[in-house]
Amino acid sequence: GMQFPLMFPFTIEDTAGAVGRPGFLHVDGTAPTWPVLRVHGPCANPTITHVATGRKLTVQGSLAAGEWVDIDTRPGWRSVLRNNGGGMGLSPQSRIDEFRLYPGMNEIHWTATDPTLTCTLAVTWWPAFKAL
């Protein structure tokens, strides 16, 4: 439940009790794959964590309502771009080249400061297969 008085801004926690923030993804294929992560605002400093590996990506900055940022981890495409075409920075600890999804179940947690509790995260990936 909520406790009053409410204190703004709300911080979305990366715990099982967080509203819709932890997620489980089933990845087909036989090899790791690189996701594209899209965060829709309004929020500030979103952090996305792959639970099994502990790898984190933290975007530095804020997104207003209606704005989004794509974090593309695919080799040859690696970028962090806003919907207006501009870039956003990642924290120095973020390793975009090491953030992958693995075959089977993957658990993703994410946190962000969100005064409206309306920001979202979308994860897109393509199955990868080992060749002989």
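A short reminder: the numbers here are calculations on the coordinates, not readings from a lab. Everything numeric here is computed off the predicted structure, so don't read it as measured data. As a convention, Cβ positions derive from the backbone with ideal geometry for all residues, glycine included, and neighbour counts pool all protein chains shown.
Table for the structure above
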item: Model label zone, Met105; criterion: amide N under 20 Å from point 7 Å along Cα-to-beta-carbon; scope region 34-68; result: 49-55
item: Equivalent-ellipsoid semi-axes of region 53-115, from the Cα gyration tensor, Å, largest first; result: 21, 15, 11
item: In nm, spacing of pseudo-spin labels at Glu67 and Val51 (7 Å Cα→C-beta vector); result: 3.1
